[in-house]
Amino acid sequence: MPVDRNSLRNIVINNNEKYDDILLKRGRYFIEQYATQKLVYPTLQQMRDITTQQHLWTVGDKYWKLAATYYEDPSIWWILAWFNKKPTEAHCKTGDSILIPYPLSTMYRYFGL
């Protein structure tokens, strides 16, 4: 079952005046958007509960492809980005070691999911 990483994020109202022209054209007065989520990296004690598998980053790799390969779910690509402290593929270079954390149930628990 896919886990939605946005389920813990608050929805905030953005009514900043710099958007007034755009909003009025659309008949709106504000934008609802997700607040920035603050993710906490596992502690050393929590890291003991995590097993990792190494993947060497190659040309054409994408987080969603790795998530599809290792977890059979491309929508949880964000776990790989977060765990490796590389938020986008642009932060990865050919030959970088990417760690694939297991088990997913433990990772979800650290997020409160």
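A few remarks follow.
- Within a Gaussian network of the chain (alpha carbon springs, distance under 10 Å), most fluctuating of 68, 81, 90: 90
- Over 27 Å (Cα to Cα) - which of 38/93; 38/62; 65/85; 65/86; 18/93; 18/85 fall in this group: 18/93; 18/85
- Phi-derived couplings, Karplus 6.51 cos²θ - 1.76 cosθ + 1.60 at θ = phi - 60°, listed residue by residue for the stretch 95-101: x, 5, 8, 9, 8, 9, x Hz, with x used for Gly and Pro.
- Projecting the Cα atoms of 67, 13, 98 onto the charge dipole of the chain (Cβ charges, centred on the Cα centre) puts 13 farthest toward the positive pole.
- With the simple spin-label model, which puts each label point 7 Å out from Cα in the Cβ direction, the residue 75 to residue 48 separation comes to 3.5 nm.
- In a simple Cβ point-charge model (Lys, Arg +1; Asp, Glu -1; nothing else charged), the chain has a dipole of about 160 debye relative to its Cα centre.
- From phi via Karplus (6.51, -1.76, 1.60), per-residue ³J(HN,Hα) for the stretch 25-33 in Hz, x at Gly/Pro: 4, 9, x, 10, 10, 7, 10, 8, 8
- The chain, relative contact order [Cα under 8 Å, separation at least 6], %: 29
- DSSP loop trypsin sites (Lys or Arg not before Pro) with at most 14 other Cβ within 10 Å: longest gap in the chain: 63-84
- Between 99, 39, 66, the GNM of the chain built on Cα springs shorter than 10 angstrom shows 39 fluctuating the most.
- Over the chain: helical MRE at 222 nm, DSSP H runs n ≥ 4 each giving -39500 (n - 2.57), nearest 500: -7500 deg cm²/dmol
- Most fluctuating residue given options 95, 60, 27, as computed from a GNM of the chain linking Cα atoms under 10 Å: 27
Bear in mind that the values in this text are calculations on the coordinates, not laboratory data. Treat the numbers as computed from the prediction; the structure is a model and nothing was measured. Note: ideal-geometry Cβ built from the backbone for every residue, glycine included; neighbour counts use all protein chains shown.
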